[in-house]
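*Asks:* Take a look at the following structure, please.
The values are calculated or read from the model by the stated rules, or taken from the named source; none is laboratory data. Keep in mind that this is a model prediction, so the values were computed, not measured. Cβ coordinates were reconstructed from backbone atoms using ideal geometry, including for glycine residues, and neighbour counts include every protein chain displayed. These area figures cover heavy atoms from the full protein model, side chains too; ligands, DNA and RNA do not enter into them. Shrake-Rupley method; radii C 1.70, N 1.55, O 1.52, S 1.80 Å.
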Amino acid sequence: MASSIREWKDKEVCVVTSDGRTIMGTLVGNDQVQNVILSDAQERIYSDDAPVETVELGLYVIRGDNVCMIADYNKEKLIDSPAPPLPSIMQQQR
């Protein structure tokens, strides 16, 4: 496990956003507010009754306040079978 996201630079990562999107790509960079830049990014769209759909995004920037999780992954273990989509993640109101 990486102690800092900088250790994943130039490696494949998976980002889950607050609206439930799953975006995968090569980590190009990030900044102090956790904005993330991915190259060769792809969004994986899940559905209960259809295989996973992949949408090519290319070079992609994700705002840090929209990032819920960043993880490394193994491409060879990805499964394209139907799965329920992730719900949006609600932020706590103050």
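*Asks:* With the requirement that a residue be of a type in the set (Asp, Glu) and in a strand (DSSP E or B), what does the stretch 58-90 give you?
*Replies:* Of everything in the stretch 58-90, just one residue is of a type in the set (Asp, Glu) and in a strand (DSSP E or B), namely Asp72.
*Asks:* Among the strands (runs of 3 or more DSSP E) lying completely within the stretch 1-57, list those that include at least 3 residues that are among the charged types (D, E, K, R). Let's see the steps before the verdict.
*Replies:* Numbers: elements: 12-17, 22-30, 36-45.
Hits in the stretch 1-57: 36-45.
*Asks:* Just the residues that are open to solvent by less than 70 Å² (accessible area, probe 1.4 Å), touching a Ser or Thr at 6+ places or on another chain (Cβ under 9 Å) and under 27 Å from Ser4 (Cα atoms), please, taken from the stretch 67-87.
*Replies:* Residues satisfying the conditions are Val67, Cys68.
*Asks:* For the stretch 42-62, give me each residue that is at pLDDT below 95 and farther than 10 Å from Ile23 by Cβ.
*Replies:* Within the stretch 42-62, Ile45, Tyr46, Ser47, Asp48, Asp49, Ala50, Pro51, Val52, Glu53, Thr54 qualify.
*Asks:* Determine if the stretch 25-41 includes at least one residue that is surrounded by fewer than 15 Cβ atoms within 10 Å (Cβ to Cβ), closer than 20 Å to Asn74 by Cβ and at pLDDT below 90. First the steps, then the outcome.
*Replies:* Our first condition is that a residue be surrounded by fewer than 15 Cβ atoms within 10 Å (Cβ to Cβ); within the stretch 25-41, this holds for 29, 31-34, 39-40.
Narrowing the set further to residues that are closer than 20 Å to Asn74 by Cβ leaves 39-40.
Still in the list and also at pLDDT below 90: none.
No.
*Asks:* Being open to solvent by 20 Å² or more (accessible area, probe 1.4 Å) and over 17 Å from Ala83 (Cα atoms) is the filter here; which residues of the stretch 42-66 pass it?
*Replies:* Within the stretch 42-66, Gln42, Glu56, Leu57, Gly58, Leu59, Tyr60, Val61, Arg63, Asp65, Asn66 qualify.
*Asks:* In the list Gln42, Gln32, which residue meets the criterion of being of a type outside the set (Asp, Glu) and free of Cβ contacts under 8 Å to residues at least 12 places away in the same chain?
*Replies:* Within the list Gln42, Gln32, the selection yields Gln32.
*Asks:* Could you look through the stretch 1-24, keep only residues that are touching a residue at least 24 places away in the same chain (Cβ under 8 Å) and among the polar types (S, T, N, Q), and pick out the one that is most open to solvent (accessible area, probe 1.4 Å)?
*Replies:* Ser18
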